[in-house]
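Enquirer: First the structure, then my questions, so here it is.
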Amino acid sequence: MEAGRILRHLVTTRHAARRAFPAASLERIEAAVRDGERTHDGEVRFAVESALELPSLLADQTPRERALEVFSLLRVWDTERNNGLLIYLLYADRDVEIVADRGFNGRVEPAQWEVLCARMREYFARGEFEAGVLAGVAEASAMVARHFPLRGRRSADELPDQPVVL
């Protein structure tokens, strides 16, 4: 367990994520998710969490482990075609994780999602959080469109497009 990580999480408040993602920024991200979903039959969610709680830190919870919990918490798995996708940002770590539902198994390799995450982290390292998320949503939507193309009319929007700040 890294002491620097614990300290970083303890001092990163929920307000920090709100500063990085003010209301106008969240509205633009929501619009990007909505626009992306007009090109495919998948469901994309974005969630940002300021920091982990102390028990999670002491248990050395990884961003990936927390992303899996958030995937469940937000019910991203609850789509008819099992084509939900979560883009999760753990702000204190500047780490992004993508969790894809089982409908993507055999279609998109985990390494492909990791390449997308690495590109987003480059934005985050420069402090360009909104730009990084918008680029990530656009690229993720293009990947979803390749595997879940829109056929005729889009099915019902099964998950909210609104970003979640945890």
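Enquirer: Output the residue which, of all residues in region 57-70 that are at pLDDT below 95 and in a helix (DSSP H, G or I), is surrounded by the most Cβ atoms within 10 Å (Cβ to Cβ).
Expert: Residue satisfying both the conditions and the ranking: Leu57.
This table checks each residue for (1) farther than 30 Å from Gly4 by Cα; (2) assigned to a helix (DSSP H, G or I).
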{"position": "Val48", "(1), (2)": "no, no"}
{"position": "Ser72", "(1), (2)": "no, yes"}
{"position": "Glu80", "(1), (2)": "yes, no"}
{"position": "Tyr88", "(1), (2)": "no, no"}
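Enquirer: Can you pull out every residue in region 114-131 that is closer than 21 Å to His40 by Cβ and either basic (Lys, Arg) or in contact (Cβ under 8 Å) with a residue 24 or more places away in the chain (or both)? I'd like the intermediate steps shown before the answer.
Expert: As a first pass, look at region 114-131 and keep what is closer than 21 Å to His40 by Cβ: 114-117, 119-120.
Correct list: Leu116, Arg119, Met120.
Enquirer: Looking at Asp93, Asp78 in this structure, which one is in contact (Cβ under 8 Å) with a residue 40 or more places away in the chain, over 16 Å from Val144 (Cα atoms) and surrounded by fewer than 16 Cβ atoms within 10 Å (Cβ to Cβ)? Reasoning before the result, please.
Expert: On the way: Asp93 fails: surrounded by fewer than 16 Cβ atoms within 10 Å (Cβ to Cβ).
Asp78 is the lone residue from the list that is in contact (Cβ under 8 Å) with a residue 40 or more places away in the chain, over 16 Å from Val144 (Cα atoms) and surrounded by fewer than 16 Cβ atoms within 10 Å (Cβ to Cβ).
Enquirer: Looking only at region 8-22, filter to residues that are loosely packed, with under 14 Cβ neighbours inside 10 Å and β-branched (Val, Ile, Thr); which one of those is nearest to Asp60 (Cα to Cα)?
Expert: Across region 8-22, the extreme among qualifying residues is Val11.
Enquirer: How many residues, within region 71-92, are at pLDDT 95 or above and more than 14 Å from the chain's Cα centre (by Cα)?
Expert: Selection size over region 71-92: 1.
Enquirer: Can you pull out every residue in region 100-147 that is surrounded by 13 or more Cβ atoms within 10 Å (Cβ to Cβ) and not in a helix (DSSP H, G or I)?
Expert: Ala100, Asp101, Arg107, Val108, Glu128
Enquirer: Do you know which residues across region 24-55 are over 17 Å from the mean Cα position of the chain (by Cα) and without any contact (Cβ under 8 Å) to a residue 12 or more places away in the chain? I'd like the intermediate steps shown before the answer.
Expert: Start the filter on region 24-55 by keeping residues that are over 17 Å from the mean Cα position of the chain (by Cα), which leaves 24, 38-41, 53-55.
The answer is Ala24, Glu53, Pro55.
The values are calculated or read from the model by the stated rules, or taken from the named source; none is laboratory data. Quantities reported herein were computed from a predicted structural model and do not represent experimental measurements. When we count neighbours, we look across all protein chains shown, and the Cβ atoms used for this are built from the backbone with ideal geometry, even at glycine.
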